[in-house]
Amino acid sequence: MSFQLRKIWTVDKTGTLDNLRIVEDGLPPPPPGFLRIKYSGFILQHLRAHTPGLEFSGVVEYVGEGLRKEEWLEKRVYGVTYFGGYATYINLKSSYVRKTPDGWTDQQACAYVVQGLTAFYALEELGRLKPNQTVLVHSAAGGCGLSALSILNKKSAKVVGTVGASFKLDLLNEKYGESSNFSFILRDPSKNFEARAKKALLQITSEKEELFDIVLDSVMGDWFLPNYNLLKKEGRLVLYGSASLAPNSNLHPIWNAFQWLGLGWKYIWRPKIDPLKLMTDNKALLGFNLIHIYEHEERLGQIFDSLHNLQLEPPYVGHEFDFGRAVEALTLMHSGKSVGKIVLNVKH
């Protein structure tokens, strides 16, 4: 089998989106146990690698030795890779690939992987979610937030979700507005967030609870300490992002120096918690980055299978772009004006 010519988005150095460019290279034949996948689409992530990208969907074009062709060849699949996902083809070990469920589009399939695994790991593995618990979910209209809501709906949890813009409430109320288990509020202003979150929870709990068993925090910043205060005894605050400390536009390292200084100031003065206070308050603070689990193939497979067993609804895809419009798509992602996942479609 010959090399396959493909296109990939690469980043020469991190900084602005101007450093993102398309190059062509030759993809060698897949080694034993690997599949060659012809992309249908992939999901955007922040640019933190030379060849970014973690999740994708597509069709198996070639099956490596040791795998059964009848099981994989020409099957629609989705999967997760350790970066290198902004491409038109990829070789990947079969253990990181799953078949796309019947009735799902390719866009839904690639939007499912990382956000689903992240939400599941945060709630089930770290949060130790139990039925009917109370949960606060930040950025509820984003990819991970919507996946978390889907899992929590299965568990009959009482959920307060937050968003950063009022137009995002429309999507959430459309999906969950008729349920008595959900309430959604604006995240700002942070000064009275604690009181507003308690009020929202009181409206959906029969026992008039004001505090949460689990808080999922992908924002941090001014909401970090209120999140901690909103926990019950034995509650768990799970951190998996810091959107308030990230730029919301394509900042140049020189021309936007004051904006970068402002972010640096926020980082230096970010809220902190004394570890001794955790013991006194009997609360847990947990953080994770799912990419580290990628190296533990068996562990990742177990989480994959547990997530699949929940039989969640297809994820919500809010925006689609063609392969060549990655810069435009990333600009939207950084703006905070997107809902659901942003997919880049690959046409051959």
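For the stretch 114-290, with only Lys/Arg (+1) and Asp/Glu (-1) charged at the beta-carbon, what is the dipole magnitude about the Cα centre, in debye rounded to 20?
200 debye
Sort 292-298, 150-156 by the packing proxy (mean of other Cβ within 10 Å over each peptide's residues), most packed first.
Ranked by mean Cβ neighbours within 10 Å, highest first: 150-156, 292-298.
How big is the dipole moment of the stretch 43-157 about its Cα centre under a simple scheme where the beta carbon of each Lys and Arg is +1, that of each Asp and Glu is -1, and everything else is neutral? Debye, nearest 20, please.
Using Cβ point charges on Lys, Arg, Asp and Glu, the stretch 43-157 gives about 360 debye.
Taking +1 at the Cβ of each Lys and Arg and -1 at the Cβ of each Asp and Glu, which of Ser179, Cys144, Tyr267 sits farthest along the dipole of the chain towards its positive end, judged by Cα position relative to the Cα centre?
Tyr267
What ³J(HN,Hα) values, in whole Hz, does the Karplus curve 6.51 cos²θ - 1.76 cosθ + 1.60 give for the stretch 123-131 when θ = phi - 60°, with x put for Gly and Pro?
Values, residue by residue: 7, 8, 6, 9, x, 6, 4, 10, x Hz.
How much length would be gained if the chain were fully extended between Asp170 and Ser156, taking 0.36 nm per residue of separation minus their Cα-Cα distance, in nm to one decimal?
Gain on extension, Asp170 to Ser156, equals 2.9 nm.
Mind jotting down the three principal axis lengths of the stretch 114-290 based on Cα atoms? Whole angstrom, largest first.
Each principal axis gives a Cα extent; for the stretch 114-290 these are 53, 41, 32 Å.
Just order 300-306, 216-222 by mean Cβ neighbour count inside 10 Å, highest at the front, would you?
Values: 300-306: 15.1, 216-222: 22.4.
Ranked from most to least packed, the peptides come out as 216-222, 300-306.
What does the helix-only formula give at 222 nm for the chain: each DSSP H stretch with n ≥ 4 adding -39500 (n - 2.57), the total divided by the residues, and the result rounded to the nearest 500 deg cm²/dmol?
Taken over the chain, the calculation gives -8500 deg cm²/dmol.
For the chain, build the charge dipole from Cβ charges (+1 Lys, Arg; -1 Asp, Glu) around the Cα centre, then report which of Trp72, Ser40, Ile303 sits farthest towards its positive end.
The Cα lying farthest towards the positive end belongs to Ile303.
Assigning unit charges at the beta carbon (Lys, Arg +1; Asp, Glu -1) and nothing else, what dipole magnitude in debye, to the nearest 20, does the chain show about its Cα centre? Walk me through the numbers on the way to the answer.
Details: 40 positive and 36 negative charges, 113 e Å.
It works out to roughly 540 debye.
Where a number appears in this text, it was derived from the coordinates with a stated rule and is not lab data. Quick caveat: nothing in here was measured; it's all calculated off a predicted structure. Because the Cβ atoms are built from the backbone with ideal geometry, glycine has one as well, and the counts that use them run over all protein chains shown.
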